[in-house]
1. Ratio to report: Rg/Rh of the range 13-56, with Cα atoms as the point set and Rh obtained by the Kirkwood method; give two decimals.
2. For a quick check: with amide H placed at 1.01 Å from N, whose amide H comes under 5 Å from L70's, ignoring anything fewer than 5 positions away on the same chain?
3. What residue among V58, F47, S34 has its Cα farthest toward the positive end of the dipole of the range 24-100, where the charges are +1 on Lys, Arg and -1 on Asp, Glu, each on the Cβ?
4. Would you kindly calculate the translational diffusion coefficient of the range 38-143, applying Stokes-Einstein with the Kirkwood radius from alpha carbon pairs, for 4 °C and a viscosity of 1.567 mPa s, and quote it in µm² s⁻¹ without decimals?
5. Take peptides 123-135, 74-86 and line them up by average Cβ neighbours within 10 Å, highest first, as a rough protection proxy.
6. Please state, rounded to one decimal and in Å, the Kirkwood hydrodynamic radius that the range 18-92 gives when every pair of distinct Cα atoms enters the mean of 1/r.
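Every number in this text was worked out from the coordinates using simple rules, so none of it is lab data. Nothing here was measured: the structure is a model prediction, and the numbers come from that model. Glycine gets a Cβ as well: all are built from the backbone with ideal geometry, and neighbour counts include every protein chain shown.
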Amino acid sequence: MDLSQPVEENYANPKTCFFHVLFKASALAFYILSTLFADSFVIIFVFTVVLAALDFWVVKNVSGRILVGLRWWNEINEEGESIWRFECLDQESLARINQKDSWLFWWTLYLNAVVWGIFGIFSMVRLEVDYLLVVGVCFSLAIANIIGFTKCRKDARSKIQAFASRTIASSFSSTLHSAFSLV
């Protein structure tokens, strides 16, 4: 083993990564296995939707904040208007986000929605409207997280760009000020 080579970066938050994947995999696995081996649609619906809801909550409130430094939510104000709120870590903390954690977060987020979309297509082709309902709920939860975190990431990028612009402008003006003060 060559010690001069950089060590491959590991997951910084393996427990969070595990639970981030666990609830997605458990909802998908339960749905697949139960449609093959169970006859009770009610049980399939309830357990699959509960597992998907747990995944939604874990991603939105825990793994999103820990793995990529983002969090989002939606509020309804007194006038009944929907207001999106976005939180992100400060620029210094965002720069320290583990790339493997981030990669796992984004890929599983999108892959989960793709798989539920494929199950939806299969349900439509087989004309199974009841199973399409299960898949629709799970797909909607996955898409809601994708939309929320994508908007949150764009908001974080705009904040980073604004911070960088202010820093550069401040540095430039202080350089000019010091240059003219010497004259």
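1. On the way: Rg = 11.5 Å, Rh = 10.8 Å.
In the range 13-56, Rg relative to Rh is 1.07.
2. R65
3. Farthest along the dipole direction, towards plus: S34.
4. Details: Rh = 15.8 Å.
It comes out at roughly 82 µm²/s.
5. Working: 123-135: 15.1, 74-86: 9.4.
The most tightly packed comes first, giving 123-135, 74-86.
6. Values: mean 1/r = 0.0690 Å⁻¹.
After inverting the pairwise mean of 1/r, the radius is 14.5 Å.
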